[in-house]
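First comes the structure, then the notes that go with it.
The values are calculated or read from the model by the stated rules, or taken from the named source; none is laboratory data. Small disclaimer: the values here were computed from a predicted structure and weren't measured. We place every Cβ from the backbone using ideal geometry, glycine too, and count neighbours over all the protein chains shown. Heavy atoms of the whole protein, side chains included, go into the accessibility calculation; ligands, DNA and RNA do not. Shrake-Rupley method; radii C 1.70, N 1.55, O 1.52, S 1.80 Å.
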Amino acid sequence: VLMRLFSEADPGEDLHVSIGAENPHDALAEAAVVTGTYRAGADESGSAHLGIVGPMRMDYARTMSSVRAVAAYLSRYLAREADN
C-alpha cells in the first residue's frame, strides 16, 4: 500500500499530507501520511519519496518539518555525490 501511495505522489510536490479518509487506500483510513520528495538531480526523473505514517492526532507541524528537513538533506547529499 505504501509503495502504491508513493508511486502516485506528484513528483513536483515537495510535501503532501493526507489524513484519514483523504487517503486513497482503505488500509490507511485510520492513519495520517506525510510524504516528501527528494531529488537525486536537477530533473524530476531522479526523484524519490519518503514519508511518515502515524496516528491522525500526530503533531503535524513537527512531522512536516522533519520530513521536509530529511528530504532537503537527502537532496543536497545526492547532489554532492553526483558532482563527485
Any residue in the stretch 46-55 that is closer than 28 Å to GLU81 by Cβ, part of a helix (DSSP H, G or I) and not basic (Lys, Arg)?
yes
Starting from the stretch 1-19, keep only residues that are within 16 Å of ALA31 (Cα to Cα), then list their pairs with residues that are of a type outside the set (Lys, Arg) and in a helix (DSSP H, G or I) whose Cβ atoms are within a distance under 7 Å, requiring at least 6 positions of separation or different chains.
VAL1/ALA27; VAL1/LEU28; VAL17/TYR60; VAL17/MET64
Search result, residues across the stretch 50-84 that are surrounded by 11 or more Cβ atoms within 10 Å (Cβ to Cβ), closer than 25 Å to ALA31 by Cα, free of Cβ contacts under 8 Å to residues at least 40 places away in the same chain and not hydrophobic (A, V, I, L, M, F, W, C)
GLY54, THR63, SER65, SER66
For the stretch 35-57, does any single residue satisfy the condition of being modelled with pLDDT under 90, of a type in the set (D, E, K, R) and under 11 Å from the mean Cα position of the chain (by Cα)?
no
For residues in the stretch 9-40 being of a type in the set (Asp, Glu) and assigned to a helix (DSSP H, G or I), which is most open to solvent (accessible area, probe 1.4 Å)?
ASP26
